[in-house]
Amino acid sequence: MSAARLTAGLAALGLDLDAAAQEKLLAYQALLLKWNRTYNLTALRDPAKVLPYHLLDSLALLPFVGDGDLLDVGSGGGMPGIPVAIARPDLAVTLVDSNSKKVAFLTQAVIELGLPNVTARCARVEELERPGGYPQITSRAFAELADFIALTRKLIAPGGRWLAMKGVYPAEEIERLDAARLGVEVAAVHPLAVPEVEGERHVVIVVPEGAAASA
């Protein structure tokens, strides 16, 4: 049943993933459900909701993910980083979270799923260092926009982009981001249509002020 739902969900998102990638996504879902009983990786208690609300929701980011290493901040149970990494094996993805139990899960998931393009780190994001920065930084339900950008501002590469996953259109967060004067601008806000997910979903693309970006 999950396999058919995943195939239908990918088709609705306009994504074409091979059988091996789909198998890894389903294996990731199984790991998430297994570990969640002990590690509280997700607040979702209905197993049927994990596929749309975590896997498909994460994969909805794919059309906006470009080339260059990706940092997933406050990754928690690995969303959106792990589904994106499964779909994009060419992409180097770093997952960071300050919760050691969640990072233990992430580390095990990387091993069991065979994801050589993924690294999991246990750290507060403000403690991270990266010479040259990351071309892409994403988060899902990590913090409001101004805090997310402020905490990762030193980690963005020249010409890089932030991809912030949000629910309803975050008008007030965008206003506070503008008021924070962090030297960035919102390049675009795209609605996301995620199969089987109720409520609005958006991705906010933020770039350094004056930077050219395809949004």
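Count of region 62-100 residues, restricted to those that are in a loop (DSSP other than H, G, I, E, B), of a type in the set (A, V, I, L, M) and surrounded by fewer than 24 Cβ atoms within 10 Å (Cβ to Cβ), is 3. Could you please let me know if F148 is surrounded by 15 or more Cβ atoms within 10 Å (Cβ to Cβ), touching a Gly at 6+ places or on another chain (Cβ under 8 Å) and within 30 Å of A12 (Cβ to Cβ)? Taking the combined requirement at face value, the residue does not satisfy it.
Residue check: is A164 open to solvent by 20 Å² or more (accessible area, probe 1.4 Å) and either small (G, A, S) or within 24 Å of T42 (Cα to Cα) (or both)? When the stated conditions are applied, A164 does not pass them.
Would it be correct to say that E112 is assigned to a helix (DSSP H, G or I), closer than 19 Å to L31 by Cα and in contact with a helix residue (DSSP H, G or I) (Cβ under 8 Å, 6 or more places away or on another chain)? Against the criterion (assigned to a helix (DSSP H, G or I), closer than 19 Å to L31 by Cα and in contact with a helix residue (DSSP H, G or I) (Cβ under 8 Å, 6 or more places away or on another chain)), E112 qualifies.
A count restricted to region 21-44 and to residues that are of a type outside the set (S, T, N, Q) and closer than 16 Å to V84 by Cα stands at 8.
Applying the criterion of being in contact with a Lys or Arg (Cβ under 8 Å, 6 or more places away or on another chain) and of a type in the set (A, V, I, L, M, F, W, C) to the residues of region 165-184, the residue that is nearest to D67 (Cα to Cα) is M165.
Of the residues A193, A211, the single one that is among the small types (G, A, S) and surrounded by fewer than 15 Cβ atoms within 10 Å (Cβ to Cβ) is A193.
Just to check your reading of the model, which residue among L51, L41 is surrounded by 18 or more Cβ atoms within 10 Å (Cβ to Cβ) and either over 16 Å from R201 (Cα atoms) or in contact with a Pro (Cβ under 7 Å, 6 or more places away or on another chain) (or both)?
L41
Taken across region 41-57, residues that are among the aromatic types (F, W, Y), within 25 Å of T7 (Cα to Cα), within 17 Å of the chain's Cα centre (by Cα) and at pLDDT 95 or above do not occur at all. Please work out which residue is most open to solvent (accessible area, probe 1.4 Å), limiting yourself to region 3-21 and to residues that are not hydrophobic (A, V, I, L, M, F, W, C) and not in a loop (DSSP other than H, G, I, E, B). Of everything passing the filter in region 3-21, T7 is most open to solvent (accessible area, probe 1.4 Å).
Taken over region 22-53, residues that are closer than 25 Å to P89 by Cα, in a helix (DSSP H, G or I) and in contact with a helix residue (DSSP H, G or I) (Cβ under 8 Å, 6 or more places away or on another chain) amount to 14.
State whether the residues of region 137-145 include one that is open to solvent by 30 Å² or more (accessible area, probe 1.4 Å) and touching a His at 6+ places or on another chain (Cβ under 8 Å). Scanning region 137-145, I find no residue that is open to solvent by 30 Å² or more (accessible area, probe 1.4 Å) and touching a His at 6+ places or on another chain (Cβ under 8 Å), so the answer is no.
The values are calculated or read from the model by the stated rules, or taken from the named source; none is laboratory data. The model shown is predicted, which means the values in this text are computed figures rather than measured ones. Note: ideal-geometry Cβ built from the backbone for every residue, glycine included; neighbour counts use all protein chains shown. Accessible surface areas use protein heavy atoms only, side chains included; no ligands, DNA or RNA. Shrake-Rupley method; radii C 1.70, N 1.55, O 1.52, S 1.80 Å.
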